[in-house]
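Each value in this text was obtained by applying a stated rule to the coordinates, not by laboratory testing. A quick note: this is a predicted structure, and the numbers were derived from the prediction, not measured. Heads up, the Cβs are rebuilt from the backbone with ideal geometry, glycines too, and the neighbour counts pull from every protein chain shown.
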Ligand SMILES: C[S@@+](CC[C@H](N)C(=O)[O-])C[C@H]1O[C@@H](n2cnc3c(N)ncnc32)[C@H](O)[C@@H]1O
């Protein structure tokens, strides 16, 4: 099902790169966390890469890192590949990956890091659990799981804008919507990760979880 999101209207440049305003806005604060927590180099799996803007921006800045963009929707691959061409040699060809399915991490083992931006609120709870389990399984011991997005805190949205967005998602599909941060962090801890939280702009959070 195709969701109506507040700013899903991405413009496209002639070379096929799509530009999502939200990815433009949150790239700098997310990159700041990545610079802070990631070691000098490694392999990073990105789930739900969308337009590919983040992959290009982050891989260009994080010189030692090799990026693996993925998405459930192959329609995004043209844009991801076009963005990847702006950072030659840093970004693998996009791969189809439904991170909401159980067991997807079997094909992705020993990674140094896994990142997902703005996915968990768009999928059902069971699919979100599969995302968390897969990310926890895919990274090596000492590897890092990074999850960015909006969350409920103590079961509630943090602002009127968040409440309205969460309600609009649930109106489109009662199975989806913001996940509670305490449940998400408890699940990651139960999978053997040391979980830290970073406050991000616009009431978002970045989960930074180290596999013990
Ligand atoms: C709001 S966009 C975020 C894209 C990108 N991470 C960003 O922040 O710009 C959500 C993305 O999740 C992808 N997606 C939705 N369900 C998915 C799933 N089960 N597994 C992997 N990707 C999924 C969509 O195709 C879309 O590209």
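Bin by bin, in steps of 5 Å, what percent of the Cα pairs in segment 112-212 do you find, going until the bin that has the longest distance?
Reading upward from the zero bin: 3, 14, 25, 26, 17, 10, 5, 1.
Would you mind ranking 80, 181 so that the residue whose beta carbon has the fewest other beta carbons within 10 Å leads the list?
Values: 80 30, 181 21.
Ordered by Cβ neighbours within 10 Å, fewest first: 181, 80.
Using the Kirkwood formula over every pair of different C-alpha atoms, what hydrodynamic radius in Å results for segment 92-159?
Working: mean 1/r = 0.0774 Å⁻¹.
Taking the inverse mean of 1/r over all distinct Cα pairs, segment 92-159 comes out at 12.9 Å.
What's the Kirkwood radius of the chain in Å, using all Cα pairs?
Numbers: mean 1/r = 0.0582 Å⁻¹.
So the Kirkwood estimate lands at 17.2 Å.
Within segment 108-144, find all residues whose amide N lies under 17 Å from a label point positioned 7 Å from the Cα of residue 183 along Cα-to-beta-carbon.
Counting only backbone N, you get 119-134.
As a test of the formula, what do you get for the chain when each DSSP H run with n ≥ 4 contributes -39,500 (n - 2.57) and the sum is divided by the residue count, at 222 nm and rounded to the nearest 500 deg cm²/dmol? Spell out each step's value before the answer.
On the way: 6 runs with 71 residues, N = 212.
So the helix-based figure for the chain works out to -10500 deg cm²/dmol.
By the gyration tensor of its Cα atoms, with a ≥ b ≥ c the square roots of the eigenvalues, what is the shape of segment 162-203: rounded for a/c under 1.5, prolate for a/b over b/c, or oblate? Mind dumping the intermediate values first?
Values: a/c = 4.69, a/b = 1.67, b/c = 2.81.
The shape class here is oblate.
Over what distance in Å are the Cα centres of segment 6-74 and segment 81-114 separated?
11 Å
Of the listed peptides 163-172, 51-60, 36-45, what is their order by residue-averaged count of other C-beta atoms within 10 Å, with the highest listed first? Don't skip to the answer; put the middle values down first.
Details: 163-172: 14.9, 51-60: 23.5, 36-45: 16.4.
With the highest mean Cβ count within 10 Å placed first, the list reads 51-60, 36-45, 163-172.
Need the full-extension length gain, residue 25 to residue 168, defined as separation in residues times 0.36 nm minus the C-alpha distance. One decimal, nm. Don't skip to the end; give the middle numbers.
Details: separation 143, 0.36 × 143 = 51.48 nm, distance 2.13 nm.
So the chain would gain 49.3 nm between residue 25 and residue 168.
Listing 83, 67, 108 from the residue with the fewest other Cβ atoms within 10 Å to the one with the most, what is the order? Working shown, then result.
Values: 83 28, 67 24, 108 21.
The most exposed by this proxy come first: 108, 67, 83.
Could you order peptides 11-17, 71-77 by the average number of other Cβ atoms within 10 Å of their residues, highest first? Don't skip to the answer; put the middle values down first.
Working: 11-17: 12.7, 71-77: 15.9.
Packing order, densest peptide first, comes out as 71-77, 11-17.
Could you list the square roots of 5 times each eigenvalue of the Cα gyration tensor of segment 43-120, that is, the equivalent ellipsoid semi-axes, sorted largest first and rounded to whole Å?
Numbers: eigenvalues 70, 43, 20 Å².
Calculated on Cα positions only, the semi-axes equal 19, 15, 10 Å.
Highest GNM mean-square fluctuation, the chain, Cα pairs closer than 10 Å: which of 96, 84, 106?
Of 96, 84, 106, the most mobile in the Gaussian network model is 106.
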